[in-house]
Every structure is written in C-alpha cells, then in structure tokens.
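Asks: Take a look at the following structure, please.
Read-outs: derived from the displayed coordinates by stated rules, not from any lab. This structure is a prediction, so every number in the text was calculated from the model and none was measured. A quick note on method: Cβ atoms are made from the backbone with ideal geometry, for glycine too, and the neighbour counts reach across all protein chains shown.
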C-alpha cells in the first residue's frame with residue numbers, strides 16, 4: 001500500500017513563490033507522477049501551466065486534492081490553518097498532508113485534529129526571497145537549503161518517508177524539529193531580522209525628516225540590512241500572529257543588546273564596544 | 001599653475017580595500033600621470049606593485065607625498081586624524097589633501113588646521129565591502145557609487161575641481177555635503193545598520209543558548225541582515241568614536257521604532273503592525 005514518490009500524485013495548494021518553486025522543482029526533474037496546482041485565480045493557473053510548473057490546475061480545492069497521495073499547503077500560515085479545518089474529508093485514505101508554512105506550532109496543532117485516515121507532517125523550507133509571487137518562482141529555490149520536517153506523534157513512518165522523499169527530490173536538506181523548538185529558533189534567526197529591518201527603514205525615514213539626500217547615500221550596507229523589510233506583508237503578519245511569544249522573547253533580547261551598545265557608546269566605553277563587535281564579527285565569519 | 005588631473009601625481013596613503021581600489025581604478029584607466037602608494041608594510045607595497053595598482057610604493061610617508069599634486073588619505077578615521085597633524089609641512093605648495101574617511105566633522109576640523117599652502121577637501125565614497133584589505137580591492141569598486149565631497153570654506157575652487165576630477169575618473173557620482181549634515185545622514189543610513197547587525201548576531205547567539213541548530217536554520221534573510229556585522233572592527237570603532245552624537249540619535253530612534261513594533265505585537269494590534277510594516281516595505285521598494 002506504500003506508493004513510491006515517483007508514483008505519487010502531488011497537489012500543491014497555493015502557487016506563489018514557495019508553491020510555484022516547489023511545483024517547478026518537481027516537474028522539471030520528473031520527480032513524481034503528476035503535479036496538480038490549486039490556486040484562487042485562473043490566471044495563476046494559466047501562468048503555471050504555461051511555465052510547465054504543473055501538469056494540471058484547478059481553482060477547486062476539493063477537485064484538486066481528491067486523488068492526491070501528497071497534498072502540500074503552500075499559502076500564508078492563517079490560510080493553511082483555514083484549509084486544515086476543511087480539507088480532511090476531501091482526502092483519500094492514507095493521503096499525506098504537508099505544509100510549507102513559516103511557523104509550526106499552530107499548524108501542527110491544527111494538523112493533530114485532522115481525521116485519522118489522513119497523515120499530517122509539518123514542514124518549513126528555510127529559503128525564500130523578498131519578492132513573492134509565481135513570477136519569482138524558480139526550480140532551484142530549494143537546492144541545498146534546509147527543509148524542516150515536524151512529524152506529529154500520530155504521523156506514521158511511511159508518511160514521514162514520503163515527505164522525506166519530497167525533500168530529497170527538490171534537492172533540500174532535511175532537519176527534523178519539534179514545533180516548539182522550530183518556532184523558537186526561527187523567531188530568532190528569521191522573524192527578528194525582519195522586525196529589525198522594518199525598524200531600521202522606519203527609523204531612517206524618521207531621521208531623514210524629509211532630507212531626500214538620505215536615500216541617495218544608501219550603499220550596500222543599508223541595502224542588505226533592510227532587504228527583508230520588503231517582504232510580503234500578509235505572510236509576515238500571519239507569522240507574527242502565530243509566533244507571538246517567541247518573537248516577543250527575541251525582540252526583548254535584541255533590545256537588551258541594542259541598549260548595551262548604546263550605553264557603552266554613551267560612556268565612551270570603546271573596549272566594551274569592541275568586545276561586542278568582535279563577538280558578532282567572529283560569529284558571522286564562522287557562519288558564512 | 002593649475003595642472004589637469006591627467007598630469008597629476010596622486011599619492012594614496014593606506015592600501016586597504018578603499019585605497020587599493022582607488023589606486024587600481026586610477027592606474028587601470030591611466031587617469032593620472034603617476035600613482036604612488038604609501039603603506040606601513042613592505043609586503044603590502046609588493047602586492048600592490050604586483051597587481052599593478054600603483055606605479056611606485058614607499059613605507060615613508062614624507063617621501064611618498066613630497067611631490068604629490070593630490071594626496072588621498074585612505075586609512076581608518078583616527079589614523080587620518082593623526083596623519084593630518086603631521087602631513088602639512090611635508091607637502092608642496094598647492095597640494096590638495098583629500099580623505100576617504102567614513103565620518104567628516106572631526107576630519108574637516110583637523111583639515112582646517114592644515115598650513116595655508118595646502119588645499120584640503122573632505123571626502124567619503126559611499127561604498128565598501130564587509131571584507132577589508134588590499135586583496136579584496138577592485139578597480140570597479142567606485143563605479144556609479146556616490147562620492148561625497150565636503151570642501152572647507154578655505155578650499156579654493158581649483159582644489160575642489162581636482163577632487164571632482166578624481167571622482168569622475170573613478171566613475172563615481174559626486175554629492176557635495178557639509179560635514180555636519182554628512183555625519184547625521186550616514187549615522188542613520190550606514191552606522192545604524194551596523195549597530196543593528198551587531199545587536200542581531202549577539203541576540204541570536206544569546207537566544208541560541210548553545211543550540212547549534214540555530215545557525216543551520218539561518219537562511220538568506222539572516223545572512224543579509226547580519227552581513228555588515230562582519231565589518232572591520234578598527235574602521236568601525238573609529239567611526240563610533242568620531243560620530244557619537246549622531247549615532248546615539250539614530251540608535252534612540254531605532255529603539256523607539258523597535259519598541260513600537262513590540263508594543264503593538266504585545267497588544268495584538270495587527271492593524272498597527274501592518275501599517276508600520278507597509279510603510280517600511282513601500283519605502284524599501286521605492287529605493288531598490
């Protein structure tokens with residue numbers, strides 16, 4: 001009863017940057033039998049078909065997922081939560097439901113309530129771009145990137161293996177994490193950088209006080225530090241709403257660090273400043 | 001008495017990323033008669049000669065600048081300040097002294113004290129990399145980048161024109177600014193991003209609390225937001241020491257923005273959050 005991934009019909013719900021790239025990765029490699037796309041707008045489906053990202057498309061969720069061996073929910077987090085409430089009865093027995101949402105606790109809790117004939121696995125690929133949408137999608141988006149899998153206690157081994165096959169098929173690297181730990185880690189490494197970037201852009205706007213020369217002086221440092229502030233608002237508000245406690249902890253820690261730097265600069269404590277700067281520099285150089 | 005830039009002997013003091021790239025830009029384009037490099041270490045001079053970045057090199061400041069029509073100080077800010085104290089008597093009448101230091105108020109004040117036979121112009125090219133040193137230098141570093149010129153009240157038009165010729169010769173775009181306004185603007189657009197990047201890396205380190213998976217989850221967002229934290233410590237401490245008031249103002253404003261985001265998240269004020277996020281997103285998209 002366990003079909004290999006090569007024989008699987010995969011339905012991807014949501015054909016934005018993440019879903020579109022996933023579809024492109026699967027079809028371009030011929031990794032599975034069939035890729036079906038579900039999108040709200042017919043124009044999205046037409047584009048995905050024109051790009052050969054999907055074999056077939058539909059705006060009807062039920063029709064799209066009915067025959068699926070693997071359903072991948074690739075919409076913003078709150079939309080994933082809404083779909084998890086209705087999708088269960090639409091699925092055939094043994095169908096695996098995976099998501100690519102940016103937070104995992106709320107989603108895995110909702111997955112736990114799926115009917116027992118369905119197999120849920122939480123997922124989160126650690127990649128993206130600041131530009132969203134199908135037109136930014138590319139088959140190599142997941143290549144060599146970490147893809148977090150968060151199986152539930154109820155997830156059967158065969159279902160996890162199917163999800164693992166998907167991760168392999170798109171060239172990503174699997175890391176298993178429980179939802180709580182995932183949410184705490186990404187609050188720091190992903191959501192905090194976003195909040196700092198938003199704060200930076202808005203602080204500079206306020207400090208510019210109408211002096212347009214400010215923006216002409218922006219060089220590579222500002223460009224990179226602020227990049228994620230251009231991220232998709234819907235995706236980011238969903239993340240904020242479903243990972244509040246961990247993000248508040250991360251913000252609190254960032255404020256402590258920022259206050260320490262400020263106090264040292266106020267006191268002219270160059271030794272203390274250099275120490276903090278060196279610690280950050282060494283860690284950063286170690287990583288990249 | 002006004003030699004064209006093509007006839008000028010240019011001496012570059014300091015052959016790191018900025019000075020080395022400047023030398024490379026001038027020699028590769030044959031923009032001036034002669035490029036002389038001054039560096040502390042003979043090995044740096046040998047490398048610069050091997051790369052054909054300079055025509056001649058010396059570790060002796062006096063010997064290097066004696067015949068120069070244009071001297072460019074390309075060391076960290078506090079070293080520029082030290083050199084400005086001693087360089088005046090070494091220069092021939094009418095010699096122009098330009099710097100490429102990251103802050104301008106302290107430097108232009110020191111320039112004002114140069115002997116009257118010397119012509120000072122403050123300068124700051126808005127470009128760089130997080131990796132410093134001659135081996136990272138490249139002739140195209142300044143291409144299409146803003147190069148701030150800060151002439152002093154005492155600067156004669158011919159001296160300013162020579163500095164402008166240099167800016168043109170290396171393909172940069174000139175923007176004239178007085179030192180105070182320059183320092184205020186770069187505190188926001190350049191020094192604040194650095195302080196936020198350092199705070200981010202150190203906050204994530206603290207939040208990781210030894211969980212090495214944190215760093216494996218880092219994706220493009222963290223990489224870009226933290227990039228400038230890998231910057232040169234010496235250069236950055238010099239900037240902090242010579243631009244304290246403006247940087248403290250910028251830090252204060254960033255903390256206000258960060259606190260606002262935090263309070264809105266605490267209160268679950270998603271409308272307020274979305275408004276701040278959208279303002280940052282629109283500004284960022286407008287710029288790049």
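Asks: Just grab the label-to-label distance for residue B:67 and residue A:67, each label 7 Å out from Cα along the Cβ direction, in nm (one decimal).
Replies: Reported label-point gap for residue B:67 and residue A:67 is 8.4 nm.
Asks: Follow-up. Could you please rank B:182, B:252, placing first whichever residue has the fewest other Cβ atoms within 10 Å of its Cβ?
Replies: Working: B:182 26, B:252 12.
Lowest count first: B:252, B:182.
Asks: Just from the alpha-carbon atoms, what are the Rg and Dmax of the stretch A:170-212 in angstroms?
Replies: 16.9, 49
Asks: Only counting other Cβ atoms within 10 Å, I'd like B:242, B:59, A:225 sorted with the fewest neighbours first. Can you show the working numbers first?
Replies: Working: B:242 23, B:59 14, A:225 28.
Ordered from fewest to most neighbouring Cβ atoms within 10 Å, B:242, B:59, A:225 come out as B:59, B:242, A:225.
Asks: Here's another thing I want to ask about it. Note down the nm distance, to one decimal, between modelled labels 7 Å out along Cα→Cβ at residue B:223 and at residue A:59.
Replies: Calculated label separation equals 3.8 nm.
Asks: Against the longest alpha carbon principal axis of chain A, how many degrees, from 0 to 90 and to the nearest 10, is the axis of helix A:157-169 turned?
Replies: Approximately 60 degrees, to the nearest ten.
Asks: A further question on this structure: Which shape class applies to the stretch A:3-69: rounded if a/c is under 1.5, otherwise prolate when a/b exceeds b/c and oblate if not, where a ≥ b ≥ c are the square roots of the Cα gyration tensor eigenvalues?
Replies: Here the stretch A:3-69 falls in the oblate category.
Asks: When each pair of different Cα atoms in the protein assembly as shown is counted once in the 1/r mean, what is the Kirkwood radius in angstroms, to one decimal?
Replies: Numbers: mean 1/r = 0.0385 Å⁻¹.
In the protein assembly as shown this quantity evaluates to 25.9 Å.
Asks: Quick one: work out the % antiparallel among DSSP beta bridges in chain B, nearest 5.
Replies: Just about 20 percent of them are antiparallel.
Asks: At residue B:245, with labels set 7 Å past Cα in the Cβ direction, how many nm apart are the copies from this one, shortest first?
Replies: Computed spacing set for this position: 4.7 nm.
Asks: What's the angle, to the nearest 10 degrees (0 to 90), between helix A:233-242's Cα axis and the longest principal axis of chain A?
Replies: 90 degrees
Asks: Name all residues of the stretch A:121-138 having a backbone nitrogen under 18 Å from the label point set 7 Å from the Cα of residue A:50 along its Cα→Cβ direction, giving them as ranges.
Replies: Label zone hits: A:133-138.
Asks: So between residue A:249 and residue A:144, what do we pick up on full extension, going 0.36 nm a residue minus the alpha carbon distance?
Replies: Separation in residues times 0.36 nm, less the Cα-Cα distance, equals 34.8 nm.
Asks: Can you tell me the 0 to 90 degree angle between the C-alpha axis of helix B:192-208 and the longest principal axis of chain B, rounded to 10?
Replies: Approximately 50 degrees, to the nearest 10.
Asks: Against the globular-protein guess of 2.2 N^0.38 Å, express the Cα radius of gyration of the stretch A:5-177 as a ratio, rounded to two decimals.
Replies: That works out to 0.91 for the stretch A:5-177.
Asks: Placing the label point 7 Å from Cα along the Cα-to-Cβ direction, what are the distances from residue A:63 to the equivalent spots in the other copies, shortest first, in nm to one decimal?
Replies: Residue A:63 label point versus its equivalents elsewhere: 8.4 nm.
Asks: For the residue pair residue B:288 and residue A:288, what label-to-label distance in nm results when each label sits 7 Å from Cα along the Cα-to-beta-carbon direction?
Replies: Result for the modelled spin labels: 1.1 nm.
Asks: Continuing with the same structure: Any idea what the alpha-carbon Rg over 2.2 N^0.38 Å comes to for the stretch B:116-248?
Replies: This ratio for the stretch B:116-248 stands at 1.31.
Asks: Which ordering of B:80, A:87 is given by a fewest-first count of other beta-carbon atoms within 10 Å?
Replies: Values: B:80 27, A:87 21.
Lowest to highest Cβ neighbour count: A:87, B:80.
Asks: Taking only DSSP H segments of four or more residues, each worth -39500 (n - 2.57), what value at 222 nm results for chain B once the sum is divided by all its residues, to the nearest 500 deg cm²/dmol?
Replies: Helices in chain B give a 222 nm mean residue ellipticity of -15500 deg cm²/dmol.
Asks: How fast does the stretch A:182-287 diffuse by Stokes-Einstein, in µm²/s, taking the Kirkwood radius from C-alpha pairs at 4 °C and 1.567 mPa s?
Replies: D = 83 µm²/s.
Asks: Another question about this same structure. Hey, with R₀ at 30 Å, roughly what FRET efficiency would residue A:154 and residue A:234 work out to, going by the Cβ-Cβ distance, to 0.05?
Replies: Computed FRET efficiency for residue A:154 and residue A:234: 0.50.
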